[in-house]
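Participant: The structure follows.
Read the figures in this text as sums done on the coordinates, not as results from a lab. What you see is a predicted model, and the numbers here were worked out from it, not measured in a lab. Positions of Cβ are generated from backbone atoms using ideal geometry, with glycine treated the same way; all protein chains shown enter the neighbour counts.
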Amino acid sequence: MTSGNTSRSRTVALPGPYAAILTDYASALERSPLADSSKTKYRSRLRGYLAWLANQADAGATDGDPLADPIAATGAVRDFRRHLKNGRRAPNTIDTYLSAIDDFYARRGLGKPQARRERDARRTAPRALGERRTRRYIRHVQLTAGPRDKALALLPYYAGLCISEVVGLDLADVRLSAGKGELRIHGKGRYGGKIRLLPIHADLRQALTDWLQARADWKGADSTAVFLNHRGGRLSDRAARDIITGLGDAIGLNDDPTEPFSPHVLRHTFATQLIRDGKDPILVAELLGHGSLDTTRRYALPTEADKAAALDALITDH
């Protein structure tokens, strides 16, 4: 395909068929968990891509149908990325275009086009525990922690919560029933103020059930907070961090000076395992409360441990 010249996406009038496609996408986007600012940006970015596709079609430069064929879509997206680079768009801008296009194609059932991000070459995934260390942590928590600390320490891993969301839980936010359960999470800080509903993993459900039973005998049992301190008040963010970090310290997890072990490492582990298991990034973004798929995509990047492990494949003389 040729690069072509297009106006900025906000000034482009789309031909009828492309306008209908954008309208359908915008309707689907309104029902998504993305932040309103991201929805606006995604609509704008997709408009720019569709306008470019329309110009390519008019010029007879299309190869296949980029709106129906995954192979043609990948070729088109790569050419569009090149078009943006030739137009000297900033790397962050190019990447938000690509994230919007990923979301668009995922909703059309065509999968994610294989186009490299501008920031991938200089980024790595956040620190996450590998399988062996994850099992070791869970086993240590299950065997040594009391009911409160066990439920507290498993929530960042089994539900992907940040620590402010954990200590912010009220009793009304935890719904347990035979064989299932649901958490109502009030997003805080950079995760927005939106409420999201999460299913409860079976192991976490048991830990929460045990804690809520034990909680009835604690000072402050009549308060609304799920997690109490020994004075009967809501457990603080700092105290919760100390409990989880202490559990990790006891089994040697705090050995990375670049990113010490913390509740957020457990949240990263939750996300990394889901992404690497092939789960839909849109679903993972919803579970984490991310407003942008760019934030979720970083979990697909290699970690420093991945890079170091890759070198083990090299042949040596011993």
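Participant: Explain nothing, just the number: dipole magnitude of region 44-181 about its Cα centre with +1 on each Lys and Arg Cβ and -1 on each Asp and Glu Cβ, in debye rounded to the nearest 20.
Facilitator: Numbers: 26 positive and 15 negative charges, 145 e Å.
Result for region 44-181 is approximately 700 debye, rounded to the nearest 20.
Participant: Tell me what the chain gives for mean residue ellipticity at 222 nm when only DSSP H runs of n ≥ 4 count, each as -39,500 (n - 2.57), the sum divided by the residue total, rounded to 500 deg cm²/dmol. Please report the intermediate quantities before stating the final value.
Facilitator: Numbers: 13 runs with 164 residues, N = 318.
Taking each H run of at least 4 residues, the total per residue is -16000 deg cm²/dmol.
Participant: Also, I was wondering about something else. Is there a quick way to get the dipole size of region 131-302? I mean about its Cα centre, with the Cβ of Lys and Arg at +1 and of Asp and Glu at -1; what is the value in debye to the nearest 20? Please report the intermediate quantities before stating the final value.
Facilitator: Values: 26 positive and 20 negative charges, 22 e Å.
With Lys and Arg at +1 and Asp and Glu at -1, about 100 debye.
Participant: For the residue pair Gln142 and Ser32, what label-to-label distance in nm results when each label sits 7 Å from Cα along the Cα-to-beta-carbon direction?
Facilitator: My value for the distance between the label points is 3.7 nm.
Participant: Once the principal axes of the Cα atoms of the chain are found, what is the range along each, listed largest first in whole angstroms?
Facilitator: Each principal axis gives a Cα extent; for the chain these are 74, 60, 32 Å.
Participant: For Leu228, list long-range residues whose amide hydrogen, built 1.01 Å from N in the peptide plane, is under 5 Å from its own amide hydrogen.
Facilitator: Leu235
Participant: Work out from phi, with θ = phi - 60° and the Karplus expression 6.51 cos²θ - 1.76 cosθ + 1.60, the ³J(HN,Hα) of each residue of region 284-299, listed in order in whole Hz, and give x for Gly and Pro.
Facilitator: 5, 4, 5, 5, 7, x, 6, x, 9, 5, 4, 5, 6, 4, 4, 6
Participant: Step through the residues of region 94-103 one at a time and calculate ³J(HN,Hα) from phi using the Karplus curve (6.51 cos²θ - 1.76 cosθ + 1.60, θ = phi - 60°), rounding each to whole Hz and writing x for Gly and Pro.
Facilitator: 4, 5, 6, 4, 5, 5, 5, 5, 4, 4
Participant: Expected output is a single nm value to one decimal: the length gained when fully extending between Asp280 and Asp312, i.e. 0.36 nm times separation in residues minus the C-alpha distance. What is it?
Facilitator: Details: separation 32, 0.36 × 32 = 11.52 nm, distance 3.03 nm.
In short, 8.5 nm is gained.
Participant: Residue farthest toward the positive end of the dipole of region 131-302, with Cβ of Lys/Arg at +1 and Asp/Glu at -1: which of Ala202, Tyr157, Thr295?
Facilitator: Ala202
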